[in-house]
């Protein structure tokens, strides 16, 4: 007779005879989907629950160890507790992608039960086991403080704020998805259960570079419950790729692997348990080959060719004026070489997708940054008309660029079409770490010159990117690194050469900052050395050179009326000057929109359904909050309350293509499309005395497109991008070298939502601080030597006091109510500001990230 394990879950007695992870029991057996599976290894905290009054990670507890215990999940909170957390987290801006939030709620609940009036330090300590990659923790801490105050009767819930009667641009808008994310009932792909659903997983390459001699799946296929094993032979066109189709769907027999995560074959089975057994039965014979470990090996004349086109993936040459002569005549110049590492996005939700037969093709429920981009890649694999594929995004647990490429979407689609069953595939955390593209590792040499007054005269630089096994977005990222390496300043002589090389490392692609984090780290660091030579302060040299409206950027674009770099410098001047012997300062700019001559459009269709304005725009909200921004845009144009506005569940079948969530573009481009459609609706409302019911069935479409000039366009003042955001960050250290304060002043145009922008800035700052000090991606012969817990992600107990400052000018662009986006630029200036702070503190000029010999990475004993 089987042993029974009995315990209480949310007040109900539960019994099971299975000995397994409590996380799996709660999710798979009880369908308590607030308990998220972020890593299954006790590192991230997304599965935090309360067991006998103590916060515990469900993935490290098993059913047999739970006997007799009292277990509580978010679903088991009282209605008052749920409302308190929803209001507090919404009003404080604690929720972005939302994947970590139920775990944060339970850690907070356990603390409040023991201590109804916790201090900030006590909350930080209670959250030490829970990772957040979006918010920088500060807003979550504030949310728990307010929740505690509500529950002890010292604060009240303002239900009007969540209801959103005042919801226009510039209002403190309660995000539209807060409640479902806080309470855990909003669906991410892994929360989807369908009748007849089967499971898929890949057998991956054992070596970064090896010839696949033979794949023997006979034993796996014979296992009861296995539908089949698919190999490259089963793929109509065995290539995908975001821009360059160079990424093999699977490595065929006789072909050579390019990285450790390459898919050899995929197994499809009735259950996840059968799936794991079957994968172990697949036998793959390899001929192990020597990998190409870095750019230098890839450049060697006798290097093996990773792709038939060679090892040079992309190159760019960006010039203006005469940099050589300018540098020869410069009163002062500085040359330094810099090294930055691969870095991991570490979003909390591992990649997952569910595909199923739909009409005469396939429907994919996914978690990615561009539904139409995913449709395109999957259609290339099938060789189909793209319209046969429908892609619908669910909630997305963070992306930061790491979910632009397809990962599991195309594999589930392939299997769903072959077996005519719904198919789910989800990455383990380790698969996610190995597979999706990282931030590019860079080696670069920069020379910057100035005159006797510190006015920049010319820049020369050469940048090398390791793009790993596949191109991903190497070309655009390299291009952005080159075009932004000049900084947000006013000078005209530049010569920038960029090269991206294939290696056998995991691929590199888009990551928040899109190449600019690397090149601006180098530029901003050497500016301090120039200031020293001139005899002026790091603040002063930046102010003297800062771009301003009407002046010309180094790429030739005339700065528009909204440009406010000088204002961001002025906002931090006093705090920098008061601490300059242990503080660093850095500026940055970042484009909004794809630009450089590419057709970049925002599109929206507003449909009146049952007296409600429904927004159709296939724009992925990955936590940045564009779904809320669009509602604010509609409210601003029409005067409607939030109760009369909602976002549709959008897919490629029912919504227009609004482009990928990348390049800080959605708030501006799709935002302007939403505004344009809403203005049409407002005009129609006037004709029916604002009675939406009379407009039922009507739709109002708008497309926004503003042309830009391609890179190297032969015009005097090319317009590379619709707009740029600007920022200045100041980082302050204590005597031990610990970061204590960060002042982040941002020009992001019109602040659409003051609640959201603070969390965006704080999260970006902490991500930049991790890039500077703690995060690394060690490789040994192209094999990553990391787990989620060893990435060096900063935790709640390590955060400095971050001061988010936003600058709004009276004169703004007449696009999207003047908004320019904040998503990427928030993370760019922090690393060079940290470097500058250490240089001010100890006089050591560090050129490698993460910075060595610091409070966070002490110098190793020799």
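Where a number appears in this text, it was derived from the coordinates with a stated rule and is not lab data. Note that this is a predicted model, so its numbers are computed, not measured. Using ideal geometry, Cβ is built from the backbone for each residue, glycine included, and neighbour counts are taken over all protein chains shown.
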Of the listed peptides 748-757, 401-410, 665-674, what is their order by residue-averaged count of other C-beta atoms within 10 Å, with the highest listed first? 665-674, 401-410, 748-757
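Return 803, 31, 729 ranked ascending by Cβ neighbour count within 10 Å, so the fewest neighbours appear first.
Fewest-to-most Cβ neighbours within 10 Å comes out as 31, 803, 729.
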Restricting things to alpha carbons, find the Rg to Rh ratio for the chain using the Kirkwood radius for Rh. 0.96
When the chain is fully extended, how far beyond the present Cα-Cα distance does residue 317 get from residue 128, taking 0.36 nm per residue of separation? 63.5 nm
Calculate how many DSSP beta bridges within segment 601-705 are antiparallel, expressed in % of all such bridges and rounded to the nearest 5. 75 percent
Express as a percent, rounded to the nearest 5, the fraction of DSSP beta bridges in segment 5-186 (both residues included) that run antiparallel. 85 percent
Segment 592-633 to segment 498-543: how many Å between their Cα centroids? 32 Å
Virtual spin-label span in nm between residue 309 and residue 536, 7 Å along Cα→Cβ: 4.4 nm
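Of the beta bridges DSSP finds with both residues in the chain, what % are antiparallel, to the nearest 5? Numbers along the way, then the final one.
Numbers: 105 of 137 bridges.
In the chain, DSSP labels about 75 percent of beta bridges as antiparallel.
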Listed with the fewest Cβ neighbours within 10 Å leading, 100, 626 appear as 626, 100
Taking a quarter of the surface of the convex hull around the Cα atoms of segment 5-186, what do you get in nm²? 10.1 nm²
Residue order, fewest to most beta carbons within 10 Å, for 212, 477: 212, 477
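List the equivalent ellipsoid semi-axes of segment 139-289 in whole Å, largest first, each obtained as the square root of 5λ for an eigenvalue λ of the Cα gyration tensor.
They are 49, 20, 15 Å, listed largest first.
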So, in Å, what gap is there between the alpha-carbon centers of segment 449-476 and segment 715-735? 15 Å
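Which whole-number percent is the relative contact order of the chain (Cα, under 8 Å, 6+ apart)?
Reported relative contact order: 14 percent.
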